[in-house]
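S.K.: What follows is a structure written as structure tokens; I'll ask about it next.
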Amino acid sequence: MPQIESLSLKHTPRSDHRFPIELELERFENQLRTIQLGLEILTSVCATLPDSEIPPEDGSDEDGDGEMEEKEGEEETDGEGDTDTQMATDETPKTSQPNLSRFAFLVPPLLSLIDPTHLSFPPPGSPSIHPPTTSALGAIHLCALECLNNLFLSLATSHRSLTDTEKSQGVTIWGTLWTVLEKVGNPRSAESTKEQKLFWEAAIGVLWGVSIVFKGAIVPEEAQVHLLMGLSDAYTGNDQMRVKLVGSLECLAQHPQSIGTNRVGYPLSFWPILLY
């Protein structure tokens, strides 16, 4: 009979029991990954927004076969030149540009998803208390920023004049973005992490898109302008980032009530670019 002292538990089956907190964290991580997947799909959709539908000018039904036949009969009896002109007019595609009002409902939830938590960016030298959650949160922040970037760059193709309500929304969106960026921290700081810098690089694209869509409505603030200018200098070897930064500054410089302030705030070296 073996001695009790010599028995070993080294090769015996291990228990798969996990603490409730471990199960809860795993469930939470799975939910975050599901949100990330949804954001990736939405990001692709926002890359090319659908055009607004144009209602028939006379309010008629699309199934007006009798009217169609009448028009065809008129074309046959008209002269050749008139028929060609009519056909060219009918074949001209009726398109419309993306309308901000139709997609404004997407902005608040996306802005809430870029707002960092205490687990999003652990301080340098302090490991996350739960790395999987930190990784999932970082991925969600970046996906939400990419989605906002695609959304506003698509809306920037519209040349429709903004209403006062939309301009007010733009000012609010701009302010919310900067509030979030202040929480993330200055990317030029020596203590900034790689994850914080990636967040800023994605956010700069969003700032550019928002500044284009709401050009002339956003009041430039000196601290923001100087930070964007400093980042432009920091990205000297990155033309893509410099285009976004200088493009944002260009739009801010076109605020009608801040022309005098802008001339003082921007150095002379920037004005040839901003007034291009």
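The values are calculated or read from the model by the stated rules, or taken from the named source; none is laboratory data. The model shown is predicted, which means the values in this text are computed figures rather than measured ones. Heads up, the Cβs are rebuilt from the backbone with ideal geometry, glycines too, and the neighbour counts pull from every protein chain shown.
Conditions tested, residue by residue: (1) within 19 Å of Ile41 (Cβ to Cβ); (2) buried (at least 20 other Cβ atoms within 10 Å of the Cβ); (3) of a type in the set (Lys, Arg).
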position: Leu113; (1), (2), (3): yes, no, no
position: Pro116; (1), (2), (3): no, no, no
position: Ser120; (1), (2), (3): no, yes, no
position: Thr133; (1), (2), (3): no, no, no
position: Cys143; (1), (2), (3): yes, yes, no
position: Cys147; (1), (2), (3): yes, yes, no
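S.K.: Within segment 149-171, track down each residue that is of a type in the set (S, T, N, Q) and surrounded by fewer than 14 Cβ atoms within 10 Å (Cβ to Cβ).
M.R.: Thr157, Ser161, Thr163, Thr165, Ser168
S.K.: Looking at segment 166-179, can you tell me whether even one residue there is within 26 Å of Gly38 (Cβ to Cβ), among the aromatic types (Phe, Trp, Tyr) and more than 16 Å from the chain's Cα centre (by Cα)?
M.R.: No, every residue in segment 166-179 fails to be within 26 Å of Gly38 (Cβ to Cβ), among the aromatic types (Phe, Trp, Tyr) and more than 16 Å from the chain's Cα centre (by Cα).
Okay, residues lined up against (1) small (Gly, Ala, Ser); (2) farther than 15 Å from Val107 by Cβ:
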residue: Leu151; (1), (2): no, no
residue: Ala156; (1), (2): yes, no
residue: Leu181; (1), (2): no, yes
residue: Glu195; (1), (2): no, yes
residue: Leu198; (1), (2): no, yes
residue: Val206; (1), (2): no, no
residue: Val213; (1), (2): no, no
residue: Gly216; (1), (2): yes, yes
residue: His226; (1), (2): no, yes
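S.K.: Residue check, Ala217 against (1) in contact (Cβ under 8 Å) with a residue 24 or more places away in the chain; (2) in a helix (DSSP H, G or I); (3) farther than 27 Å from Phe28 by Cα, all met but one. Which one?
M.R.: (2)
S.K.: Next question, about the same structure. Can you tell which of Val219, Val225, Val243 is touching a Leu at 6+ places or on another chain (Cβ under 9 Å), farther than 24 Å from Pro116 by Cα and of a type outside the set (S, T, N, Q)?
M.R.: Val219 is the lone residue from the list that is touching a Leu at 6+ places or on another chain (Cβ under 9 Å), farther than 24 Å from Pro116 by Cα and of a type outside the set (S, T, N, Q).
S.K.: Right, here's the next one. Can you find even one residue in segment 222-233 that is under 18 Å from Leu155 (Cβ atoms) and either among the acidic types (Asp, Glu) or assigned to a helix (DSSP H, G or I) (or both)?
M.R.: no
S.K.: Let me ask something else about it. Mind listing whichever residues of segment 118-145 are farther than 16 Å from Val184 by Cβ and touching a residue at least 12 places away in the same chain (Cβ under 8 Å)?
M.R.: His130, Pro132, Thr133, Ala136, listed by residue number.
S.K.: Sticking with this structure for a sec: Among the candidates Ala223, Ala253, Ala202, single out the residue that is of a type in the set (A, V, I, L, M, F, W, C), out of contact with any Ser or Thr (no Cβ under 6 Å at 6 or more places or on another chain) and exposed (fewer than 15 other Cβ atoms within 10 Å of the Cβ).
M.R.: Ala223 is the lone residue from the list that is of a type in the set (A, V, I, L, M, F, W, C), out of contact with any Ser or Thr (no Cβ under 6 Å at 6 or more places or on another chain) and exposed (fewer than 15 other Cβ atoms within 10 Å of the Cβ).
S.K.: Still on this structure, please answer the following. At least 3 residues that are at pLDDT 95 or above in each: list the helices (runs of 4 or more DSSP H) lying fully within segment 97-163 that qualify.
M.R.: Result: 107-114, 131-155.
S.K.: Additional query: For segment 236-249, give me each residue that is at pLDDT below 90 and either surrounded by 16 or more Cβ atoms within 10 Å (Cβ to Cβ) or of a type in the set (Val, Ile, Thr) (or both).
M.R.: The answer is Thr236, and nothing else.
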